[in-house]
1. Give the residues of the stretch 166-212 that are assigned to a loop (DSSP other than H, G, I, E, B) and either surrounded by 14 or more Cβ atoms within 10 Å (Cβ to Cβ) or among the basic types (Lys, Arg) (or both), sorted by residue number.
2. Can you pull out the residues in the stretch 228-241 that are surrounded by 13 or more Cβ atoms within 10 Å (Cβ to Cβ) and at pLDDT below 95?
3. Would you be able to say whether some residue in the stretch 125-134 is closer than 14 Å to Ala148 by Cβ and without any contact (Cβ under 8 Å) to a residue 40 or more places away in the chain?
4. Identify all residues within the stretch 91-111 that are among the hydroxyl-bearing types (Ser, Thr, Tyr) and farther than 23 Å from Leu152 by Cβ; write none if there are none.
5. Can you tell me which of His238, His160 is assigned to a helix (DSSP H, G or I), touching a residue at least 24 places away in the same chain (Cβ under 8 Å), touching a Ser or Thr at 6+ places or on another chain (Cβ under 7 Å) and not charged (D, E, K, R)?
6. Somewhere in the stretch 117-130, is a residue touching a Ser or Thr at 6+ places or on another chain (Cβ under 7 Å), within 14 Å of Phe297 (Cβ to Cβ) and among the polar types (S, T, N, Q)?
7. Give the number of residues within the stretch 38-93 that are of a type in the set (Gly, Ala, Ser) and either free of Cβ contacts under 8 Å to residues at least 40 places away in the same chain or in contact with a strand residue (DSSP E or B) (Cβ under 9 Å, 6 or more places away or on another chain) (or both).
Amino acid sequence: MTRKTGDLSRLWHFGFAVVLLFVSILAGGVQAWSKEGHTMTCRIAQDLLESEAAHAVKNLLPDNVDGDLSALCVWPDQVRHWYKYRWSSPLHFIDTPDGACSFDYHRDCHDQHGNEDQCVAGAIQNFTSQLRHYREGTSDRRYNLTEALIFLSHLMGDIHQPMHVGFTTDQGGNTINLRWFSHKSNLHHVWDREILLTAMKDYYEKDMDLLLQDIRGNFTDGIWSDDVSSWTDCDSLHACVTKYATESINIACKWGYKGVKPGDTLADEYFNSRLPFVMKRIAQGGVRLAMILNKVFHHGHAAMAAT
């Protein structure tokens, strides 16, 4: 992806804070991981940052969020349909061929006009590349590194939401209308938000912090702890995003689409069997975002290779 964020907008800290305030008043529905999903992904990542990365992230964030990356992780969804940010709309997902249940970067990472690298996997690479230009106390006017940080953090959540690497014809489940328990929804929204909100209501007293505590416990000393090292095992950034997208389409095929038809009512069986995957994907997104930021902001920039 060749577009430079800085060419599109030069919102430095003050201007960015004004936009955030405006968004908080006018923002409509979210179309990726829910606010809760993105918030938890970014909180997991921020807690795992090494000192250099933590310092860089705080420097790049606008003053009004007091260094809290999770406060801004939903922002790219809130502005994606604004004229100024319309370029970002195709960067939140990947359309894969119907029924293929695989991801091929060259086949799948493009927008509807065929422009290459215009998908969530390409965008993660692009914004990571921009962040490699960060140097404290200097200003690289080619890029808006605050935006690059926030887009990267958000898109690392998106690529881990399985239905964001869904089939082309149904738009990742968006056109598969159904019922979630007693209310109308669609398959994409079930994975974006319905499963998380139902879990919070049924098991966590509607408290996101309690859910996040369980997710953290599962990868620090719980059921996923033996697997965490493999989550960050990839030779290059391109290999990493390919791995993440491949995992998502595999889950979408085996657990998202499987057994679901338009008009179905999804309830306890679907919820209970899919919730562990949603929780694990949030954990993986956070752990992997921290890994990328730690490497990008490490002294001397000894980061993973781009390809």
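1. Gly166, Thr168, Asp170, Gln171, Gly172, Gly173, Asn174, Ile176, Tyr204, Lys206
2. Within the stretch 228-241, just Cys234 meets the criteria.
3. Yes.
4. If the condition is that a residue be among the hydroxyl-bearing types (Ser, Thr, Tyr) and farther than 23 Å from Leu152 by Cβ, then Ser102 is the only one that fits.
5. His238
6. For the stretch 117-130, residues touching a Ser or Thr at 6+ places or on another chain (Cβ under 7 Å), within 14 Å of Phe297 (Cβ to Cβ) and among the polar types (S, T, N, Q): present.
7. Qualifying residue count for the region: 6.
Rundown of residues vs (1) over 19 Å from Ser153 (Cβ atoms); (2) out of contact with any helix residue (DSSP H, G or I) (no Cβ under 8 Å at 6 or more places or on another chain), yes/no style:
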{"residue": "Leu197", "(1), (2)": "yes, no"}
{"residue": "Met200", "(1), (2)": "yes, no"}
{"residue": "Leu237", "(1), (2)": "no, no"}
{"residue": "Val241", "(1), (2)": "no, no"}
{"residue": "Pro262", "(1), (2)": "yes, yes"}
{"residue": "Arg274", "(1), (2)": "yes, no"}
{"residue": "Gln284", "(1), (2)": "no, no"}
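The values are calculated or read from the model by the stated rules, or taken from the named source; none is laboratory data. It should be emphasised that the depicted structure is a prediction, and the values quoted were computed from it without experimental measurement. We place every Cβ from the backbone using ideal geometry, glycine too, and count neighbours over all the protein chains shown.
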